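The values are calculated or read from the model by the stated rules, or taken from the named source; none is laboratory data. These numbers were taken from a predicted model, which means no experiment stands behind them. Backbone-built Cβ (ideal geometry, glycine too); neighbour counts: all protein chains shown.
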Amino acid sequence: MSGFFYSVALQWKLDIRSKSMLVTCYIVPLLFFLLMGGIFTSVMPGMRSTLIQTMLVMSVSMGAFIGLPPSLIETYGSDIHKVYKANGVPVCLGLVTMFLSAFFHLMIACAVIVALAPVLFEAALPARLPVFFLALAVYALVSLSVGSVSGLLIKNQAKQTMVAQLLFLPSLMLSGIMFPIDLLPGFLERAGRMFPAWWGYRLMQDDGFCPRNLWYLILVFFSAVIVCGILLKKQNSKS
């Protein structure tokens, strides 16, 4: 067990030095927050009540769909994962450590946004912070699980970039964080429900942590875990 925690801590330190994770988990989300937070609250003052949730959906989506997969490709798309097998290390260790490291980085970035939003933009804090952070953690875990499937399934970096955008952009545009969901055509509104962002945004609302907003996220998480297990098993049998 101590070896596992050491692996997670080591991966966390490696990710700090990774330009990809640094940009997608910290620099871009925080810059977007600083630039767009003022614009959103000036154009739509009522958005102060949901500004924190909006920025967190953007931050988690970017880190999970754009930041995590390249790290997985670097390991499982090359011969690095064969080192695990040669040394008797479970092939899933790389995925687990990268997953947990990305989760911790995202939670740190999100905590910074939650702390600064009321000070900089007079954003409303969630009524129940413990429940809010629990909802945030659930949403982050689900999004990272989807990003893990993407990183294991697609080994080509160029294709992965395209898939990442196909996950990231609809998460922003169809979840209701940029503008009211009622403005979208019916088929786009229904399409938005396929993405974790739609459910995560509502889960983080006051009184939003309930089975109605949880069931789909739980379904996606366990489905992604099963798919990741199948992909890792296939990769292990080939190596």
Name the pairs: first residue in the range 199-211 and in contact (Cβ under 8 Å) with a residue 24 or more places away in the chain, second residue among the aliphatic types (A, V, I, L, M) and surrounded by fewer than 16 Cβ atoms within 10 Å (Cβ to Cβ), Cβ to Cβ under 6 Å, at least 6 apart or on different chains? Asp206/Ala127
Collect the residues in the range 30-63 that are within 20 Å of the chain's Cα centre (by Cα), of a type outside the set (S, T, N, Q) and either within 22 Å of Val138 (Cβ to Cβ) or modelled with pLDDT under 85 (or both), keeping them in residue-number order. Phe33, Leu51, Ile52, Met55, Leu56, Val57, Met58, Val60, Met62, Gly63
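For the range 123-143, what are the residues that are farther than 27 Å from Pro69 by Cα and either in a helix (DSSP H, G or I) or among the aliphatic types (A, V, I, L, M) (or both)?
Quick first cut of the range 123-143, residues farther than 27 Å from Pro69 by Cα only: 123-131.
Ala123, Ala124, Leu125, Ala127, Leu129, Pro130, Val131 - these are the residues of the range 123-143 that are farther than 27 Å from Pro69 by Cα and either in a helix (DSSP H, G or I) or among the aliphatic types (A, V, I, L, M) (or both).
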Filtering the range 175-201 down to residues that are of a type in the set (A, V, I, L, M, F, W, C) and modelled with pLDDT under 90 yields Ile177, Met178, Phe179, Ile181, Leu183, Leu184, Phe187, Leu188, Ala191
For the range 124-147, pairs from a residue that is touching a residue at least 24 places away in the same chain (Cβ under 8 Å) and within 18 Å of Ser61 (Cβ to Cβ) to a residue that is of a type in the set (Gly, Ala, Ser) and assigned to a helix (DSSP H, G or I), with Cβ under 6 Å and 6 or more apart or across chains, are Tyr139/Gly200; Ser143/Ala64; Leu144/Ala64; Leu144/Ala102; Ser145/Ala224; Val146/Ala224; Gly147/Ala64
Sole residue being under 24 Å from Gly37 (Cβ atoms) and over 19 Å from the mean Cα position of the chain (by Cα), chosen from Leu129, Leu188: Leu129
If we keep only residues of the range 43-71 that are out of contact with any helix residue (DSSP H, G or I) (no Cβ under 9 Å at 6 or more places or on another chain) and of a type outside the set (Val, Ile, Thr), then the residue nearest to Tyr201 (Cα to Cα) is Ser49
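Consider Leu144 carefully, then state whether it is in contact with a Cys (Cβ under 7 Å, 6 or more places away or on another chain) and surrounded by 13 or more Cβ atoms within 10 Å (Cβ to Cβ). So that I can check it myself, show each step before the final result.
On the way: in contact with a Cys (Cβ under 7 Å, 6 or more places away or on another chain): no; surrounded by 13 or more Cβ atoms within 10 Å (Cβ to Cβ): yes.
Criteria not met by Leu144.
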Here the residues within the range 149-174 that are of a type outside the set (S, T, N, Q), farther than 19 Å from Val227 by Cβ and at pLDDT below 85 are Ala158
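Kindly establish whether Ile108 is surrounded by 21 or more Cβ atoms within 10 Å (Cβ to Cβ) and either modelled with pLDDT under 80 or assigned to a helix (DSSP H, G or I) (or both). Steps first, answer last, please.
Values: surrounded by 21 or more Cβ atoms within 10 Å (Cβ to Cβ): no; either modelled with pLDDT under 80 or assigned to a helix (DSSP H, G or I) (or both): yes.
In short, no.
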Among the residues of the range 165-188, which ones are in contact with a Phe, Trp or Tyr (Cβ under 9 Å, 6 or more places away or on another chain) and within 18 Å of Leu217 (Cβ to Cβ)? Leu167, Phe168, Pro170, Ser171, Leu174, Ser175, Gly176, Ile177, Ile181
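Somewhere in the range 144-158, is a residue charged (D, E, K, R) and assigned to a helix (DSSP H, G or I)? Reasoning before the result, please.
The initial filter retains those residues of the range 144-158 that are charged (D, E, K, R), namely 155.
Those still in the list that are assigned to a helix (DSSP H, G or I) too: none.
No, because not a single residue in the range 144-158 is charged (D, E, K, R) and assigned to a helix (DSSP H, G or I).
Just need a number here: residues in the range 178-198 that are assigned to a helix (DSSP H, G or I) and touching a residue at least 40 places away in the same chain (Cβ under 8 Å). Give the derivation first.
Of all residues in the range 178-198, those assigned to a helix (DSSP H, G or I) come to 181-183, 186-192, 196-198.
The next check asks that each one be touching a residue at least 40 places away in the same chain (Cβ under 8 Å); those that pass are 196-197.
Residues that pass the stated criteria total 2.
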